[in-house]
Amino acid sequence: MSQQSPLAHRLNGRSAIVAGGGGGIGAAIVSQLLAGGCRVASLDLPDHPGPGGSISLACDLSVRASVDAAVSEASAVLGGFDIVVHGAGIARDALIARMGDDEWGAVLATNLNSAFYLLRACIPVLRERGGGSVVLVSSINGERAKAGQANYAASKAGMNALARTAARELGRFGIRVNAVAPGWIETPLTAALRSELREKALGETALGRLGQPDDVASVVVFLTSELSRHVTGQVWRVDGGQLIG
């Protein structure tokens, strides 16, 4: 069960959309926002409902029309929203020489294209509300070379650039945009990876432990609260010190 962030009480009365809220990091984000008094719409595939208390809306995030329809429905149900979080992601690892077009395309579509579709669809609502906060869940692998993850790393590097560019474009409307870059987090996605990769990630961390979904969710809650009202265009690492330079 997700723990309530000590910052969550500052979100009372606000409304949020969380893409990918049906599992892993996304579900932890939904739970912490709910604990803080937010109304939350979780956008995910039909077999991935959000945590109890959220409004689950079926959405294929890799398809523009599906995202547009889900955002429109969420706005109608919530009466608008002022928080947007993109927490969806997949991996299809392979060396570049062996990576097929489908493996490349699926990861870019789910991780990066969907973030663009979501952001574009949400901008009019956020502008009408007079501002808001957007957080994209990226990865430290968008900042470093990682053999076998050309598609995943490219998608996450693109999310970082998308967040910074959107922050520059949208700041004048009171809309803040940031990215959160987790290291190894114990989720169903990482559980499917080889044990030696897990041990290597653990050995890289300065804190000597691997992250949990709530570790990421708490930083997302901070970035959606008024405590971060002068923070935009940043990429926040939540990696236990994996990527210390």
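The values are calculated or read from the model by the stated rules, or taken from the named source; none is laboratory data. Here the structure is a predicted model, which means the values were calculated and not measured. Glycine gets a Cβ as well: all are built from the backbone with ideal geometry, and neighbour counts include every protein chain shown. Heads up: the accessible areas ignore ligands, DNA and RNA and are worked out on the full protein's heavy atoms, side chains in. Shrake-Rupley method; radii C 1.70, N 1.55, O 1.52, S 1.80 Å.
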TODO: Take the residues in the range 202-217 that are in contact (Cβ under 8 Å) with a residue 40 or more places away in the chain and crowded, with 22+ Cβ neighbours inside 10 Å, then tell me which one is farthest from residue 16 (Cα to Cα).
DONE: 213
Open item on the list: Suppose we keep only residues that are open to solvent by less than 10 Å² (accessible area, probe 1.4 Å) and at pLDDT 95 or above within the range 171-189. Which one would you say is farthest from the chain's Cα centre (by Cα)?
Closed with: 175
Open item on the list: So, in the range 133-158, exactly how many residues are surrounded by 24 or more Cβ atoms within 10 Å (Cβ to Cβ) and among the aliphatic types (A, V, I, L, M)?
Closed with: 4
TODO: For the range 220-237, enumerate the residues that are surrounded by fewer than 22 Cβ atoms within 10 Å (Cβ to Cβ) and either among the aliphatic types (A, V, I, L, M) or closer than 25 Å to residue 197 by Cα (or both).
DONE: 227, 231, 235, 236, 237
Open item on the list: Which of the numbered conditions does residue 130 fail, given that it passes all the others? Conditions: (1) open to solvent by 50 Å² or more (accessible area, probe 1.4 Å); (2) free of Cβ contacts under 8 Å to residues at least 12 places away in the same chain.
Closed with: (2)
- [ ] Check 121, 166, 109, 161 and return the single one that is modelled with pLDDT of 95 or more, in contact with an Asp or Glu (Cβ under 6 Å, 6 or more places away or on another chain) and not polar (S, T, N, Q).
- [x] 121
Open item on the list: For the range 211-242, which positions are part of a loop (DSSP other than H, G, I, E, B) and in contact with a Gly (Cβ under 7 Å, 6 or more places away or on another chain)?
Closed with: 232, 239, 240, 242
